[in-house]
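Every number in this text was worked out from the coordinates using simple rules, so none of it is lab data. Not measured: the values here are computed from a predicted model. With ideal geometry, Cβ positions are generated from the backbone for all residues, glycine too; neighbour counts draw on all protein chains shown.
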Amino acid sequence: MTTIKVFGHISPDTDATCTAIIWAWYLSTHTTNKAEAFVLGSLNKETQFVLSRWGFGEPSLLETVGEGDKVVIVDTNNPQELLAGVEKTDILQIIDHHKLVGGLSTDSPIDMTIRPFASTATVMYDLMGKSVTGEGAELLPENIAGLVLSCILSDTLEFRSPTTTPHDKAVAEKIAARLGVEVSVYAGEMFKAKSDVSDFTDIGLIHIDSKKFEVGDKNIRVSVVETTTPDSILARKDGLVSAIAEVIKQDGDIDDVLFFVIDILKEEATVFTHNDFLRKLVSMSFGVNVPADQDSVVLPGVVSRKKQIVPVLRLG
């Protein structure tokens, strides 16, 4: 029996990593399939903390895919966020909570679920149904339930993000009650781990949570670092600007990088505006005046790339 490879996007975050584990578990224990979770890059400190907290090792790094591979894609449907060669695989299923991007094609119909929740884990919780989750998540193994909770708290920034739906919150609170977890305490532990980026290089910070998007006729990498200690990252601005230039060169298919530092506690974003193109992009997208000598702008209330950043990006 061919093992199904389950994975999320490049620059894996907690939701992409943990939902790959959750769905590989589900396929292996509740269907006739055999599945294994993989990641497409290095994990951030928050995800490492979550895996350790709930007793999981890091999934293996998947570096190539191609003909003969059976795969399930989670937490993305964007080919720009996946490995080259994914179009040659046998894609069995896509489970996501982002907008439909297009670009992936298959030789036969697949099982595809995209729902407007804050976390792919919420989508999976519903897909698994009462036979697995129970009315109050009591039938999920504690470690799997812990991953679902962690994904929701991570993607909603403990319900601060405008992507949060009542259902996300209800599922998280059910699971937390069953596990005896105090949401604010556990989320604080997650965010503390997320904020420790001391051993990341400047290029590593650009890639820690980064996705490519088309804006008009430009291809932009939108990078986000969520933290409770933004000053420690902003102090590295000169190095990060140099790293952005190197990332543009390495990628070869992007025009620039929009780099956001999200202050989780203040619920605001600082975006780098160190060249004329970025100043124009930020000015037109967010309706702010960016003076020619200003290399960053604070955007109050902006915390979500999916809902508050990418949808408003425009050049004209």
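Mind checking which of L153, N143, L82 is farthest towards the positive end of region 81-228's charge dipole, using Cβ charges of +1 (Lys, Arg) and -1 (Asp, Glu) about the Cα centre? Going by the charge dipole, the pick is L153. 3J(HN,Hα) along region 89-98, derived from phi through the Karplus expression 6.51 cos²θ - 1.76 cosθ + 1.60 where θ = phi - 60°, amounts to 7, 8, 7, 8, 7, 10, 10, 8, 9, 9 Hz, with x in place of Gly and Pro.
Note that region 225-230 has calculated 3J(HN,Hα) couplings of 10, 9, 7, 9, 10, x Hz, one per residue in order, obtained from phi through the Karplus relation 6.51 cos²θ - 1.76 cosθ + 1.60 (θ = phi - 60°); glycine and proline are x.
With respect to the chain, whose longest principal axis is taken over its alpha-carbon atoms, helix 276-286 is tilted by about 60°. Which shape class, rounded, prolate or oblate, goes with region 75-115 when its Cα gyration tensor gives a ≥ b ≥ c as root eigenvalues, a/c under 1.5 marks rounded, and past that a/b bigger than b/c marks prolate? Oblate. To the nearest 10 degrees, how steep is helix 183-195 against the longest Cα principal axis of the chain, on a 0 to 90 scale? For helix 183-195, the angle is close to 50 degrees. Projection of the Cα convex hull of region 101-219, averaged over all directions and equal to a quarter of that hull's surface, yields 10.7 nm². Show which lysines lie in cross-link reach of K280 when reach means a straight Cα distance below 29 angstrom and same-chain residues fewer than eight apart are skipped. Filter leaves K99, K211, K212, K218, K237, K249, K266, K306, K307. For T106, T120, the sequence from fewest to most other C-beta atoms within 10 Å is T106, T120. Entry for region 4-192 at q = 0.09, 0.14, 0.16 Å⁻¹: log10 I(q)/I(0) = -0.29, -0.72, -0.95, Debye formula applied to identical alpha-carbon scatterers, no solvent contribution. Solvent-free Debye calculation, one equal scatterer per alpha-carbon of the chain: log10 I(q)/I(0) at 0.10 Å⁻¹ equals -0.55. Taking θ as phi - 60° and the Karplus parameters 6.51, -1.76 and 1.60, the scalar couplings of region 238-249 work out to 4, x, 5, 5, 5, 5, 4, 4, 5, 5, 4, 5 Hz in sequence order, x denoting glycine and proline. At each listed q (0.11, 0.19, 0.21 Å⁻¹), what is the log10 of I(q)/I(0) that the Debye formula gives for region 202-312 modelled as equal alpha-carbon point scatterers? For region 202-312, the Cα-only Debye profile gives -0.30, -0.98, -1.24.
Restricting region 46-121 to GluC sites (Glu not before Pro) that sit in a DSSP loop and have at most 10 other Cβ atoms within 10 Å of their own Cβ leaves E63, E67.
Taking every DSSP beta bridge that has both ends in the chain, the antiparallel portion is near 40%. Residues whose amide H falls under 5 Å from that of E268, counting only those 5 or more places apart or on a different chain, are D263, G301, with hydrogens built in the peptide plane. Backbone amide hydrogens, once placed in the peptide plane, bring A35 within less than 5 Å of I4, S28, excluding anything fewer than 5 places away on its chain. Taking only Cα atoms and a 10 Å spring cutoff, compute GNM fluctuations for the chain and point out the largest among V71, V101, V183. Highest fluctuation among the options: V101. Of the residues D96, D111, D69, the one that moves most in a GNM of the chain with alpha-carbon contacts below 10 Å is D111.
Compared with the dominant principal axis of the Cα atoms in the chain, helix 166-179 is inclined by about 60°. The ranking of L83, L27 from fewest to most other beta carbons within 10 Å of each one's beta carbon is L83, L27.
Near F260, the amide H atoms lying under 5 Å from its own belong to S223, V224, V225; only residues 5 or more places off or on other chains count, and H is placed 1.01 Å from N.
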